[in-house]
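This report concerns only the one structure given below.
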Amino acid sequence: MELKNVLKNVQTEEIIGDVNVNITNIASDSRQIKDGGLFFAIKGYTKDGTKFIDAAHKNGAYAVVLEKTTNKDELNIPNGMTVVVVENIRYVMAICSCNLYDNPSKKLKLIGVTGTKGKTTSTFMIKSILEKAGHKVGLIGSIAIYIGDKELEVTDRTTPESFKIQQSLDLMVKENVDIAVVEVSSQAMKLDRVTGCDFDTVLFTNLSEDHISPKEHKDMDDYFNAKLSLVKLAPTVVVNLDNEYTKKVPSLVDGKKIITFSMKEPATIFGKNLRPSNAYTDFTITIDGKDEDVHVTIPGEYMVYNALGAIGVATNFGADIESIRAGLDNFKVFGRSEMVPNKLGLTIMIDYAHTPASLESILKTVKPYTKGRVICTWGVGGDRDSAKRPIMGEISGTLADFTILTCDQVRTEPPKNIMADIEVGLKKSGGDYVIILNRTEAIRHAISMATKDDIIVIPGLGNDLYIEYMGVKYPYNERVIIADIIDEMLGEKEKGSGPSDHKSVFPIPEDKLK
């Protein structure tokens with residue numbers, strides 16, 4: 001597509017060079033630019049895109065977009081490269097991406113899911129139910145991009161950049177996907193990542209304090225309004241009446257079809273009679289005046305809320321109760337309250353919990369329904385918020401029966417420093433704990449001490465399949481670790497013979513753990 005057509009409906013401040021060059025791809029990362037590229041030189045929080053214009057040109061960029069505040073005279077822009085100057089570079093990138101890919105969101109049904117908690121699980125639940133109802137479904141979220149069961153690529157943020165979203169939706173259209181589900185963060189709204197998307201339905205799961213910082217949201221009102229801006233883009237809204245923020249939504253939007261869900265207030269989808277365990281939850285929904293029993297293979301009241309929201313969305317697309325039951329039965333999300341099958345028949349859960357609220361939630365969920373002990377094996381990431389560490393330590397020491405502290409994403413921070421911070425809270429709680437910095441050995445210790453009445457909770461990595469150490473991401477799959485350790489215990493695998501798929505080697509040298 002010629003650049004002048006890519007710039008359709010874009011207000012430009014200045015254009016220098018040829019607008020008839022043929023553009024085939026868009027990116028704000030010079031490494032992702034290919035021949036015929038349009039490079040958006042964005043000045044972000046940590047990196048300045050204007051410093052990578054030459055790299056983008058070498059990779060095939062024909063043109064570059066600059067923000068009006070950039071002094072282009074100070075830049076070394078390669079000869080022959082068309083320069084476009086605009087007022088709001090992220091907004092323009094979204095519109096140009098829609099243009100280049102011919103507005104794919106208008107060619108399928110698009111569902112947006114937002115909220116503080118439950119976005120990832122809700123998107124997968126929606127996908128699962130709709131597929132059981134006969135739809136071909138695509139998903140864009142914090143774990144990966146999917147078409148049906150096919151994983152297209154792993155993602156590194158909740159909502160990808162606008163050009164990646166439009167590129168993915170375009171591929172879905174070509175693959176005859178009829179419904180796409182997109183996980184939408186508040187940052188995505190602030191940074192125009194879904195600008196130009198034609199949403200049919202939006203699910204607002206809940207809102208609680210999070211992402212309040214100088215680089216994110218100044219206060220809860222700003223956070224809520226960012227979420228609300230997504231709601232305003234769709235004709236149909238599915239909303240949680242049991243949350244102090246989301247229950248306001250019906251009164252704040254006009255002319256929308258409102259589908260509500262609740263376990264406390266009269267609602268379109270009403271949940272009741274929870275029959276939980278530490279591995280699943282049975283409950284009853286009232287829908288269209290009828291009571292229907294549902295089984296979801298993830299434990300917890302919060303998981304029922306995720307299911308109710310997903311049911312609300314799916315029914316808007318014609319899903320019946322049989323599709324709902326089938327979609328939630330045997331349902332799991334990789335790395336989110338994921339129950340790990342194993343030859344010893346132990347109850348082992350892998351989760352992404354890495355904040356005080358999420359750790360507390362997962363432990364409070366499993367503890368009342370565990371006959372034996374809750375064994376919590378975890379750590380926190382290095383080079384990140386250290387203030388949460390003692391808080392999480394106290395939570396684990398109070399709620400878990402035994403805590404095994406270990407390394408998480410170490411990055412560049414000495415593991416012992418991280419443990420010392422967590423220990424402050426653990427000691428305050430008076431809970432029993434041990435420190436085993438090698439994560440593989442920590443998991444081995446948990447398995448060796450567990451009985452079938454216990455539950456081993458392994459929070460932190462979740463869907464991450466790596467350990468980051470000194471700038472390198474080493475392959476690391478906790479599911480493989482668990483299987484290998486148990487094989488060794490059963491004598492089916494010789495200890496030290498090497499991990500399956502080479503993904504259970506703990507990458508940090510032992511001398512760094514002493």
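The values are calculated or read from the model by the stated rules, or taken from the named source; none is laboratory data. Remember, predicted model here, so these are calculated numbers, not experimental data. Note: ideal-geometry Cβ built from the backbone for every residue, glycine included; neighbour counts use all protein chains shown.
For segment 346-363, a residue qualifies if it is touching a strand residue (DSSP E or B) at 6+ places or on another chain (Cβ under 8 Å) and not hydrophobic (A, V, I, L, M, F, W, C), and the qualifying residues are Thr347, Asp351, Tyr352, His354, Ser358.
For segment 247-287, please list each of the strands (runs of 3 or more DSSP E) lying entirely inside it that holds at least 1 residues being in the same structural domain as Leu233 (by TED's automatic domain parsing) and exposed (fewer than 13 other Cβ atoms within 10 Å of the Cβ).
Hits in segment 247-287: 257-262, 269-276.
Of everything in segment 69-93, what is closer than 19 Å to Lys4 by Cα and modelled with pLDDT under 95? Give them in sequence order.
Gly80
For segment 410-469, a tally of residues being out of contact with any strand residue (DSSP E or B) (no Cβ under 9 Å at 6 or more places or on another chain), within 27 Å of Ile143 (Cα to Cα) and among the basic types (Lys, Arg) returns 1. On the stretch given as segment 119-150, residues that are in contact with a strand residue (DSSP E or B) (Cβ under 9 Å, 6 or more places away or on another chain) and either at pLDDT 95 or above or part of a loop (DSSP other than H, G, I, E, B) (or both) total 22. Elements of the type strands (runs of 3 or more DSSP E) sitting completely within segment 1-111 and holding at least 2 residues that are surrounded by fewer than 18 Cβ atoms within 10 Å (Cβ to Cβ), on the phi < 0 side of the Ramachandran plot and over 33 Å from the mean Cα position of the chain (by Cα): these cover 12-16. Take the conditions in contact with a strand residue (DSSP E or B) (Cβ under 9 Å, 6 or more places away or on another chain) and without any contact (Cβ under 8 Å) to a residue 40 or more places away in the chain and apply them to Arg275. Does it pass? Yes: the conditions hold for Arg275. The single condition from (1) outside the structural domain of Ala133 (by TED's automatic domain parsing); (2) surrounded by fewer than 17 Cβ atoms within 10 Å (Cβ to Cβ); (3) modelled with pLDDT under 95 that Glu301 fails is (1). Scoring Met349 on the criteria (1) outside the structural domain of Thr236 (by TED's automatic domain parsing); (2) hydrophobic (A, V, I, L, M, F, W, C); (3) in a loop (DSSP other than H, G, I, E, B) leaves a single failure, condition (3). Scanning for something in a helix (DSSP H, G or I) and more than 22 Å from Ser361 (Cβ to Cβ), does segment 458-477 turn up at least one residue? No, because not a single residue in segment 458-477 is in a helix (DSSP H, G or I) and more than 22 Å from Ser361 (Cβ to Cβ). For first residues located in segment 152-173 and aromatic (Phe, Trp, Tyr), partners that are part of a helix (DSSP H, G or I) and lie 6+ apart or on another chain with Cβ distances below 7 Å form the pairs Phe163/Met93; Phe163/Ser97. Taking the criterion of being outside any helix (DSSP H, G or I) and either of a type in the set (S, T, N, Q) or buried (at least 17 other Cβ atoms within 10 Å of the Cβ) (or both), the residues of segment 316-332 that qualify are Phe317, Ala319, Asn330, Phe331. Taking segment 376-410, which residues are of a type in the set (A, V, I, L, M), surrounded by fewer than 24 Cβ atoms within 10 Å (Cβ to Cβ) and out of contact with any Gly (no Cβ under 7 Å at 6 or more places or on another chain)? Ala387, Leu399, listed by residue number.
Could you please let me know if Glu468 is at pLDDT 90 or above, of a type in the set (D, E, K, R) and in the same structural domain as Thr377 (by TED's automatic domain parsing)? The answer is yes for Glu468.
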